[in-house]
Amino acid sequence: MSKLIQCPVCGNSISVNATSCPSCGEPIAEQVSHQIQSEKAEKISKLLARKKRNKSIFVSLMAICFIVFIVLPILSNFGGVDMEELKKTDPDKYEQLMKEKAKKEKEEAERLAAQKKEEAEDRRAGFHCLSPWDGSHRRVSQQVEEMMREPDSFEHIETRISPVNSNGNHNLVMTYRARNGFGGMSIGKATAIIKNSNCEATILSTE
């Protein structure tokens with residue numbers, strides 16, 4: 001039995017092999033061809049989507065197998081040695097390796113503690129608000145430039161910032177160079193309050 005489609009004009013069901021609608025006489029060869037091509041394109045699209053989904057599932061399964069059968073066994077050993085087996089066959093060697101492992105773990109913990117302490121000290125000092133490139137506070141520099149007659153002449157010289165106070169703020173003093181009204185370069189100074197929490201700047205004065 002041939003496949004039926006609907007006539008685009010009258011809606012009557014007709015065979016895909018027909019050249020025109022028996023009800024209204026509408027030629028349908030072109031419509032049939034278009035519909036068949038659309039159905040083929042839809043099938044191809046679904047097939048590609050299914051293949052892509054299957055590939056994704058396969059990659060996920062391979063990743064899980066890699067972790068279960070390769071990574072976890074390696075992590076269960078120390079230095080490529082089966083510690084459980086070594087514990088039974090050579091207790092002295094096992095104890096030595098465990099001491100080395102404990103020493104490395106202690107050193108790593110001390111390193112992380114020192115790093116956190118240094119970061120905390122930098123934050124207390126306000127250094128986290130300054131550029132690691134030239135030591136400036138970018139927002140303060142930007143605000144000072146915006147107030148200048150010739151912003152392009154601005155040159156940062158030095159920025160000093162005080163440790164955080166009881167209000168959670170830092171006092172900042174920035175020294176800079178810029179062109180004056182006579183065309184020469186003069187030294188200027190700007191003071192600001194900096195919030196420790198988000199490094200937000202409030203300009204107090206410029207000279």
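Taken together, the values in this text are just the output of simple stated rules run on the coordinates, not laboratory data. As the structure is a prediction and not an experimental result, all values here were calculated from the model. A quick note on method: Cβ atoms are made from the backbone with ideal geometry, for glycine too, and the neighbour counts reach across all protein chains shown.
Excluding residue 185 itself, calculate the net charge of residues whose Cβ lies under 9 Å from the Cβ of residue 185, where each Lys or Arg counts +1 and each Asp or Glu counts -1.
My count for the surroundings of residue 185 gives +1.
Convex hull over the Cα atoms of segment 127-185, averaged projected area in nm²?
On the way: hull surface 17.9 nm².
Result: 4.5 nm².
How big is segment 77-125 on each of its three principal axes, counting only the C-alpha atoms and giving the largest first in Å?
Principal-axis extents of the Cα atoms in segment 77-125, largest first: 55, 16, 10 Å.
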